[in-house]
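Worksheet for the structure shown next.
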Amino acid sequence: MIGLLIIKSLYFFLPAYFANMMPVLCKKLPFLARPVSEKWFGRHKTWRGLVVAVIAGTVVFWLQGVMYDAGFRSWAIIDYSDFSLWLGFWLGLGAILGDLVKSYYKRKAGIKEGRSWIPFDQLDFVIGGLVLGWIVYVPDVEIVFFILLLSPLLHVVVNYIGYVLRMKENRW
């Protein structure tokens, strides 16, 4: 029972997870490579990252809806046909804005770009995604609990894979 609830929690939050990964996956694309604000967020936070994150969150949510309508419902905590793409949009935007807010405070704390800031590097997008996602849908407390508990661990694992694949400069 708990295992299925964990899977459902992580599945629900896929739009935010993909939104958080897209800036790294798309860093070589030549468009919108300008920093949002180098002074406030550093030079690695670009308009490209912001745009691809929101698009990814929305597209992943749309794909979840397509799969739901095709009969794949065992992992769903919501009826995807009852929600507009706005939920994916808000989850994606929240994830990337959470990362931007963390980057602002990271600069204020004097931590250099690319350096770890545990646990904030692992929770920034999660909190941002949850908060903005609540504009459309507030999940049950146990769903939020599992997302907050497991996302930092998944973040470390995915970042390490990115490091091994030479997509990221540091492990965490």
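Computed from the coordinates by the stated procedures, all read-outs in this text should not be read as laboratory data. As the structure is a prediction and not an experimental result, all values here were calculated from the model. Note that each Cβ is placed from the backbone with ideal geometry, even for glycine, and that neighbours are counted across all protein chains shown.
Greater than 19 Å separation of Cα atoms is the criterion. Which listed pairs, K27/K106; K39/K108; K39/K112; K39/K102; K45/K102, meet it?
Violating the 19 Å Cα-Cα cut-off are K27/K106.
Any chance you could run the full-extension gain for L85 through I7? It's 0.36 nm times the residue separation minus the Cα-Cα distance, nm to one decimal.
Answer, rounded to one decimal: 25.9 nm.
Search the structure for amide H atoms under 5 Å from the amide H of T46, placed 1.01 Å from N in the peptide plane, and list their residues when 5 or more places away or on another chain.
V36
Kyte-Doolittle mean at least 0.0 and Cα extent at least 18 Å along the axis: which DSSP H helices of the chain qualify?
Numbers: long enough: 47-69 (33 Å, 1.27); 86-108 (32 Å, 0.25); 120-133 (19 Å, 1.30); 141-164 (35 Å, 1.99).
Sorted by number, the helices that extend far enough and score high enough are 47-69, 86-108, 120-133, 141-164.
Of all the C-alpha pairs in region 2-164, what % are more than 21 Å from each other?
45 percent
Please give me the summed charge of the neighbours of Y137: other residues whose Cβ is under 14 Å from its Cβ, Lys and Arg +1, Asp and Glu -1.
Within the 14 Å Cβ shell, the charges total -2.
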